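Read through the structure below, which is laid out as structure tokens, and then see the notes.
The values are calculated or read from the model by the stated rules, or taken from the named source; none is laboratory data. Fair warning: this is a prediction, and the values are worked out from it, not measured in the lab. Reconstructed Cβ throughout: ideal geometry from the backbone, glycine too, with neighbour counts over all protein chains shown. We work out accessible area using only protein heavy atoms, side chains counted, and drop any ligands, DNA or RNA first. Shrake-Rupley method; radii C 1.70, N 1.55, O 1.52, S 1.80 Å.
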Amino acid sequence: DIAYLRSVLPSTTEEAFFDYLATLDTSEVTVSAVPEGSVVFARVPFVQVKGPLLVVQLLETTLLCLVNYASLVATNAARFRLLAGPDVKLMEMGLRRAQGPDGALSASKYSYIGGFDCTSNVLAGKLYGIPVRGTIAHSFIMSFTALEEVQPRELVPLAGGDPVDFPTLAESWLQQVCELLQTPLEKTNRGELAAFLSYAVTFPRDFQGLLDTYCVRRSGLPNFCAVALALHQLGYQAIGVRLDSGDLAQQSKEIRQVLRACGAHFQVPWFESIPIAVSNDISEQSLEKFIQEGSEIDMIGVGTHLVTCPLQPSLGCVYKLVEVNGSPCLKLTEDEEKMTIPGTKTIYRLYDAAGHPFMDLMALEEEPSPRAGQELVIHVLGQLGESCKVVAATVEPLHRTFLRDGQLCEPLPSLPEVRTHAQVSLSLLNPAHRQLHDPQPYPVAMTERLHQLLSKLQEASQ
């Protein structure tokens, strides 16, 4: 690395600089941060780095790279979870559309933190322990043309006994299903039936049908029901169906009607509650449409609109110098939103009596910690010219020190622990702040002492 830097830096660079670079480590760096999975609002410094100036400057790009995309995806996933509600299963399936393999792994990991239940990315399952899920592909179904291609043909009943010719059994069920649904038997696709049979005979406990390769009503649904009923006769239970095109909400309701009809007619009670999964360029607007129209959807696979974050393609976290050798620094600009807040700070979250956070408060590190029930004089960002008073029922310091003198200060949480923390943090938000359309702005404020320091530095810079 040093040799490469010599080749690209100006030839007048002093040799002592390279000698110094060779000695760099993190032994003098302290990192305090909001715990991973916490809800953080604009203008709140959620990572604080202390150490030699050159070292902490070198960390800027690395830290922002690690934080920006991860926070963006976790936030995007949380929005999908809020829209879907707690009961619908969400599957991340964006590997083929992500920004390369590393972006895909990050997307799988941080969408799980944001509230998704599982991923189609098997490597993410291996590395992070995220539950993996998937379904039959259209290409698998299209690769079959006739029942003669089903191998093996025999399936042993779950309770044991003699093997049964599974295609023959399914064909007998298909005739009954078509009669019930008043669907012409000859309209069902034989290749599709062969594909379902091949999958079911290999994975009889995990059969899920993809219904829309040809025609859902005339072929996919009758073929699925026939194979699922044949499995039921042998003691097994199908685990679901998937739709990947068309009016997903309307089709889900029609499919549920058919499943209920089959369950009642053939006296198979669990049939009516077979989970229905959907995919096909699902966005936030798609979920809102499902809610408005009503649906029977139990699981949603989201890919492109999750991992590429089209509503906000990047997250603008910044890394700014706020203090050097004990002297506060201020980046002054006419745009208040881009003005830095000087000094080493401690961040507090203020909660109301109902347990909802209502404000984040920045204070100078040397200030006494605010107390529950204490009247605080504060200045809200965006309204710095005016002060107001607030009283919190509970006060929570947000920062924890994770790295000091190059050593971890506490064990890092596991991925499931981070995910749980994220969901709890979201649940504590007031619904007025949590709603995705026209949310009530969440105020971030500073103490009177911090505001006085800011004003003093502004005056000195004029």
Task: Backbone HN-Hα couplings from phi across region 66-74 [Karplus 6.51/-1.76/1.60, Hz, Gly and Pro as x] - done: 6, 8, 5, 5, 4, 5, 4, 5, 4
Task: the chain - percent of accessible surface contributed by carbon and sulfur, probe 1.4 Å - done: 52
Task: Accessible surface, region 246-368, averaged per residue in Å² (probe 1.4 Å) - done: 48
TODO: Return the sequence-ordered ³J(HN,Hα) values of region 185-201 in whole Hz as given by the Karplus equation 6.51 cos²θ - 1.76 cosθ + 1.60 applied to θ = phi - 60°, using x for Gly and Pro.
DONE: 4, 5, 7, 6, 7, 6, x, 4, 4, 4, 5, 4, 5, 4, 5, 5, 6
Open item on the list: Tell me the relative contact order for region 77-308 as a rounded percent, counting alpha carbon contacts under 8 Å between residues six or more apart.
Closed with: 23
- [ ] Would you mind checking which residues have amide H under 5 Å from I300's amide H? H placed 1.01 Å from N; only 5 or more apart, or other chain.
- [x] K89, L90, M91, V278
Task: DSSP loop GluC sites (Glu not before Pro) with at most 10 other Cβ within 10 Å: longest gap in the chain - done: 15-333
- [ ] Could you pull the accessible area for F140 with a 1.4 Å probe, rounded to 10 Å²?
- [x] 70
Open item on the list: Whole angstrom only: what separates the Cα centroid of region 286-308 from the Cα centroid of region 139-163?
Closed with: 33
TODO: For region 77-308, please report how many Lys pairs fall under 18 Å Cα to Cα, leaving out neighbours fewer than 8 apart on the same chain.
DONE: 5
TODO: Mind ranking R449, R371, R79 by accessible surface for me, highest first, 1.4 Å probe?
DONE: R371, R449, R79
Task: S245, S198, ranked by accessible area, largest first (probe 1.4 Å) - done: S245, S198
Open item on the list: Taking θ = phi - 60°, what integer Hz values does the Karplus form 6.51 cos²θ - 1.76 cosθ + 1.60 yield along region 355-365, in sequence order, with x for Gly and Pro?
Closed with: x, 8, x, 10, 6, 9, 10, 9, 9, 5, 4
Open item on the list: For region 431-460 and region 102-120, what is the centre-to-centre distance using only Cα atoms, to the nearest Å?
Closed with: 32
- [ ] Consider the candidate values [x] 207; [y] 172; [z] 182; state which one is volume of the Cα convex hull per residue in Å³ computed from the structure displayed.
- [x] [x]
Open item on the list: Need one value: the accessible area of V8 in square angstrom, 1.4 angstrom probe, rounded to the nearest 10.
Closed with: 80
Task: Anisotropy class of region 358-462 from Cα gyration tensor, a/c 1.5 cut - done: oblate
Task: Contour minus Cα-Cα distance for L24 and L384 (0.36 nm per residue) - done: 125.5 nm
Open item on the list: With an 8 Å Cα cut-off and a minimum separation of 6 or more residues, compute the relative contact order for the chain in percent.
Closed with: 18
